[in-house]
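Have a look at the structure below before the remarks.
The values are calculated or read from the model by the stated rules, or taken from the named source; none is laboratory data. Worth saying up front: this structure is predicted, and the values here are computed from it rather than measured. Cβ sites come from the backbone with ideal geometry, for glycine too, and all protein chains shown count toward neighbours.
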Amino acid sequence: MVIYAHRGFSGCYPENTMIAFQKAYDYGAKALELDVQITKDGKIIVIHDEKIDRTTNGKGFVKDFTVDQIKKLDAGSWFDQLYKDEKIPTLDEVIKWLSTIERKMIVNIELKSKEFSQRKILRELINVIEKCNFLKHHIVFSSFSIENLIELRNLDSDVSLALLLEWNKDYSVEEIMKLSEIVNAKYVHTDVRILQSDIVNVLCNLTNVCVYTVNDQNIFKMAKSKGIFGIFTDFLDKMI
């Protein structure tokens with residue numbers, strides 16, 4: 001089973017920061033998950049929310065700040081004063097770090113913002129990972145937006161995609177696989193409620209299913225017994 005460090009080692013370090021990624025690597029994680037948003041000047045930064053309020057000392061929407069303004073924010077104190085000097089990284093910075101580590105990791109990049117529907121921004125996203133071409137096959141793009149995934153597939157026929165779904169008990173295997181096939185998705189990512197469904201075993205036999213966010217060992221064991229391909233967790237120390 002692939003265990004993704006959800007927003008890095010986010011249970012013990014401030015999420016989506018370089019220290020959270022480095023600590024996940026140091027702990028032995030083989031996969032990372034991170035989220036990206038777009039700044040006012042079109043730069044791709046690593047942050048989950050559309051607003052900076054929750055994880056920085058600033059207030060407002062990411063899209064209303066330039067990358068230079070974002071870089072002045074404290075992205076660690078909200079978690080613990082020990083991390084007051086942590087900054088929001090750009091995707092470029094994370095990719096460069098990934099190119100230096102000895103053990104290559106699978107990296108799931110989730111497109112959070114609706115702004116990603118713009119073709120030029122999706123092209124920039126592809127350009128960022130192509131700067132380190134040897135990493136390309138270690139990177140997976142996921143999104144709740146089927147339009148974003150279609151556009152990414154049109155831009156790059158080889159890029160790995162994950163169909164991201166909020167679980168609905170009325171989903172059928174046929175519906176999910178039809179959506180997946182539209183973009184030739186390698187993975188289906190959904191929440192842990194799928195583990196209680198009647199179709200989980202069938203779906204796991206047809207595609208690579210990953211579930212989020214698994215922070216309980218009993219749920220981890222259930223996921224494993226159902227044939228789940230991977231999980232996203234905040235607490236690597238409980239799952240590895």
> If you check every pair at least six apart or on different chains, which have Cβ atoms under 7 Å apart with a residue in the stretch 133-154 that is without any contact (Cβ under 8 Å) to a residue 40 or more places away in the chain and buried (at least 16 other Cβ atoms within 10 Å of the Cβ) first and a residue that is part of a helix (DSSP H, G or I) and basic (Lys, Arg) second?
Replying inline: 151/119
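Does residue 221 count as basic (Lys, Arg) and closer than 25 Å to residue 101 by Cα? I'd like the intermediate steps shown before the answer.
Numbers: basic (Lys, Arg): yes; closer than 25 Å to residue 101 by Cα: no.
When the stated conditions are applied, residue 221 does not pass them.
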> Quick one: what pairs do we get from the stretch 115-130, first residue of a type in the set (Val, Ile, Thr), second assigned to a helix (DSSP H, G or I) and modelled with pLDDT under 85, C-beta under 8 Å, 6+ apart or different chains?
Replying inline: 121/115; 129/135; 129/136
>> Given the options 66, 90, name the one that is surrounded by 14 or more Cβ atoms within 10 Å (Cβ to Cβ) and within 27 Å of residue 117 (Cα to Cα).
In response: 90
>> Could you check the stretch 118-174 and list, in sequence order, the residues that are in contact with an Asp or Glu (Cβ under 6 Å, 6 or more places away or on another chain), within 30 Å of residue 193 (Cα to Cα) and either of a type outside the set (Ser, Thr, Tyr) or at pLDDT below 90 (or both)?
In response: 167
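Residues 193, 119: which one is exposed (fewer than 14 other Cβ atoms within 10 Å of the Cβ) and within 26 Å of residue 89 (Cβ to Cβ)?
Details: 193 fails: within 26 Å of residue 89 (Cβ to Cβ).
Being exposed (fewer than 14 other Cβ atoms within 10 Å of the Cβ) and within 26 Å of residue 89 (Cβ to Cβ) holds for just one of 193, 119, which is 119.
Can we say residue 201 is of a type in the set (S, T, N, Q) and more than 28 Å from residue 119 (Cα to Cα)? Let's see the steps before the verdict.
Values: of a type in the set (S, T, N, Q): yes; more than 28 Å from residue 119 (Cα to Cα): yes.
Here the answer is yes, as residue 201 does meet what is asked.
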> If you take just the strands (runs of 3 or more DSSP E) that sit entirely in the stretch 19-112, which of them hold at least 3 residues that are under 15 Å from the mean Cα position of the chain (by Cα) and β-branched (Val, Ile, Thr)?
Replying inline: 44-46, 106-111
